[in-house]
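The values are calculated or read from the model by the stated rules, or taken from the named source; none is laboratory data. For clarity, every value in this text was computed on a predicted model and none was experimentally measured. Glycine also receives a Cβ, built like all others from the backbone with ideal geometry; neighbour counts cover every protein chain displayed. Heads up: the accessible areas ignore ligands, DNA and RNA and are worked out on the full protein's heavy atoms, side chains in. Shrake-Rupley method; radii C 1.70, N 1.55, O 1.52, S 1.80 Å.
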Amino acid sequence: MYTVLVAEDEFEVREAIVSGTDWTSLGFRVTDSAENGQEAWELFAKEAPDLLLTDIRMPFMDGLQLAELVKRHHPGTRVIILSGYDEFEYAQRALKLSVDEYVLKPFSSEDLAAVLAKMRGILDEEAAEKQDVAQLREHYRKSLPVLRENFLANLMMRPLKRRDLEEKSALYELRLEGEGFQVAVISMDAAGPKEAGQASAAGNSLGKEQAPSTISEDQELLLFASLNIAEEIAAARNLGRVFLHQGQVVLLVISMDPDPQTVTAATMEAAEEIRQAIERYLKLTVTIGIGVVIQEPAGLSYSYKDAVLALDYRVILGGNRVISIADVEQRHVKKVRFDELKEQSLVRCLKTGTADELKDIMESLFQGLAEAPVSVKEYQLYLMEIVTAVLRAAKDADADLDNLFGDNMASLAELYRFRTLAEAKAWLVGICSRMMGSIAVVRQSALHNLVEEAVAYTRANYGDNELSINKVCGQLHISAGYFSSIFKKETRTTFVAYLLHLRMEAAMELLRTTDLRAMEIAEKVGYAEPNYFSFSFKKHVGMSPKEYRSSIKGG
């Protein structure tokens, strides 16, 4: 069943379309209706429908302006324009906007049904093409030779020398020239369709560095279908390469722009388009983790591991979203890294792991030490390397070192007094357990402080008619997608709804306590258009500004 948003300023016409059309038999469901273009665009942002049915002439924003916004931000949405006979010039503009259908008023229910049937056929063809996973699987087998895929997989797992990289990329006919490189990892939120996608919130995630050894046939087919969608979008944007690695789709972004912020912005935009397309065509939710930007392809493993680490935050933030490592972790630009996989696993566990995972990692660390014939000095140095990794992670997370290691870190001398590996392991487990608890507290506090800062900034600037979620995010230096999720989690409402409530409360206060005209009040509370202020006020309060002021004076 495809979703539809209806925008029509005439009440009778709007009701006739919504109530007088057998939407179910035509394969559609009306999600909402709007009486002007501005309201329609706000509704569209909440749940982007498959089809927009809009009149041309509407207040605040006409149908063509609305269609242009929809096509720019959601090019996959189909648009049907409704127009009168004397609006041929509008029709010409509509054609230039790639509007799908143009229905001339007055029209009958049969006329509309015929156009909707045509739209459904087009949408069915698109969905069938995306879901033809058997064909996509064969296409994948022929288009990506095994040697090329193995090389890209190795590039994700460990740093390569520049000479080796140049030789092998030339041998496999891979172009890896650029000024900025970034990795995004696309991970299914659950084993099955969208209905099971929320299982990721309980930690049923494929976003670990070690993927399951086997996957079901259905999962494999969905994986190849996701790969094909990502390939199409990456090719259209000329971003880089897409391939499979450890049961996940990997997007390798290659940019000629050396600015990390520019590269990340392009990656985030493409990732969001991929996420929406997979959800629309495959009825499957995915989470996409994005790593840091690097300047040399030989070190792509760092960006890949950061992208996998970003996926781990789906347990906290929820699935079906794009998560950038730059949003969830405060990181130094040139951070000292440990290339050894065991050390990387330890640091990752300290930040987002569980007690059982910590136990397993400690077992693996000490198992290798017990099996190797090492001297006392080598043993002590090995323990110090583990502690150094923990210290770095603690510093990055602003953890309390005195709480972890004791006053003035004097207990580090314990390293030289342990009589057995079991004692050393127990000591380290205690430190790491306390650190994991400390990081969890700091993370929650940081999210709360960020939202409080956003609220304070909004309360101080709600009178700015250009205030938007993007402007607030620019002030906070975070992405809009990440901010939206934490704001709603902390306040139980969206930023748009909060800003509207704040402005309406301020407007009511001014109406109660001043003699300012509605036009002046509109400007003070952040509305450039007085008519739209009156419309919003009446919708929010239930009466016009004039009626509200009269009711106060009357009381």
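A count restricted to the stretch 454-467 and to residues that are open to solvent by 40 Å² or more (accessible area, probe 1.4 Å) and touching a Phe, Trp or Tyr at 6+ places or on another chain (Cβ under 9 Å) stands at 1. The single condition from (1) modelled with pLDDT of 85 or more; (2) under 26 Å from E42 (Cβ atoms) that V429 fails is (2).
Tell me, yes or no, whether the stretch 199-215 has at least one residue that is modelled with pLDDT of 50 or more, open to solvent by less than 50 Å² (accessible area, probe 1.4 Å) and either over 17 Å from Y313 (Cβ atoms) or of a type outside the set (F, W, Y) (or both). Explain how you work it out, then say what you get.
The first filter runs over the stretch 199-215 and keeps only residues modelled with pLDDT of 50 or more, leaving 214-215.
Okay, now just the ones that are also open to solvent by less than 50 Å² (accessible area, probe 1.4 Å), so none.
Within the stretch 199-215 (the criterion being modelled with pLDDT of 50 or more, open to solvent by less than 50 Å² (accessible area, probe 1.4 Å) and either over 17 Å from Y313 (Cβ atoms) or of a type outside the set (F, W, Y) (or both)), the answer is no, since none of the residues qualifies.
Counting only residues that are touching a residue at least 40 places away in the same chain (Cβ under 8 Å) and open to solvent by less than 80 Å² (accessible area, probe 1.4 Å), the stretch 530-539 holds 2 of them.
For every residue, the table says whether it meets (1) assigned to a helix (DSSP H, G or I); (2) open to solvent by less than 10 Å² (accessible area, probe 1.4 Å).
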{"residue": "E269", "(1), (2)": "yes, no"}
{"residue": "E272", "(1), (2)": "yes, no"}
{"residue": "R275", "(1), (2)": "yes, no"}
{"residue": "E279", "(1), (2)": "yes, no"}
{"residue": "L284", "(1), (2)": "no, yes"}
{"residue": "I288", "(1), (2)": "no, yes"}
{"residue": "V292", "(1), (2)": "no, no"}
{"residue": "A298", "(1), (2)": "yes, no"}
{"residue": "Y304", "(1), (2)": "yes, yes"}
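With respect to I439, determine if the residue is farther than 23 Å from I323 by Cβ, assigned to a helix (DSSP H, G or I), open to solvent by less than 30 Å² (accessible area, probe 1.4 Å) and hydrophobic (A, V, I, L, M, F, W, C). So I439 fails the test. The residues of the stretch 241-261 that are surrounded by fewer than 23 Cβ atoms within 10 Å (Cβ to Cβ) and either free of Cβ contacts under 8 Å to residues at least 40 places away in the same chain or part of a loop (DSSP other than H, G, I, E, B) (or both), listed by number, are Q246, G247, M256, D257, P258, D259, Q261.
Filter the stretch 480-502 for residues that are of a type in the set (A, V, I, L, M, F, W, C) and under 19 Å from the mean Cα position of the chain (by Cα) and give the result.
First, pick out the residues of the stretch 480-502 that are of a type in the set (A, V, I, L, M, F, W, C): 480, 483, 486-487, 495-497, 499-500, 502.
If the condition is that a residue be of a type in the set (A, V, I, L, M, F, W, C) and under 19 Å from the mean Cα position of the chain (by Cα), then A480, F483, I486, F487, F495, V496 are the ones that fit.
Taking the stretch 27-47 as the range and being of a type in the set (A, V, I, L, M) and in contact with a Phe, Trp or Tyr (Cβ under 9 Å, 6 or more places away or on another chain) as the test, the residues that pass are V30, A34.
Tell me yes or no: at least one residue of the stretch 66-87 is of a type in the set (F, W, Y) and buried (at least 19 other Cβ atoms within 10 Å of the Cβ). Step through it out loud before you land on a result.
Of the residues in the stretch 66-87, the ones of a type in the set (F, W, Y) are 85.
Narrowing further to those that are buried (at least 19 other Cβ atoms within 10 Å of the Cβ): none.
Among the residues of the stretch 66-87, not one is of a type in the set (F, W, Y) and buried (at least 19 other Cβ atoms within 10 Å of the Cβ), which makes the answer no.
Can you give me the number of residues within the stretch 465-497 that are within 20 Å of P545 (Cα to Cα) and in contact (Cβ under 8 Å) with a residue 12 or more places away in the chain? Steps first, please.
The initial filter retains those residues of the stretch 465-497 that are within 20 Å of P545 (Cα to Cα), namely 465, 497.
With the extra rule that they be in contact (Cβ under 8 Å) with a residue 12 or more places away in the chain, the set shrinks to 465.
Matching residues across the stretch 465-497 total 1.
When the residues of the stretch 501-524 are filtered to those that are part of a helix (DSSP H, G or I) and farther than 17 Å from D464 by Cα, which remaining residue is least open to solvent (accessible area, probe 1.4 Å)? Here the answer is L511.
Does S83 satisfy being in contact with a helix residue (DSSP H, G or I) (Cβ under 6 Å, 6 or more places away or on another chain) and at pLDDT 80 or above? Walk me through it before giving the result.
On the way: in contact with a helix residue (DSSP H, G or I) (Cβ under 6 Å, 6 or more places away or on another chain): yes; at pLDDT 80 or above: yes.
When the stated conditions are applied, S83 passes them.
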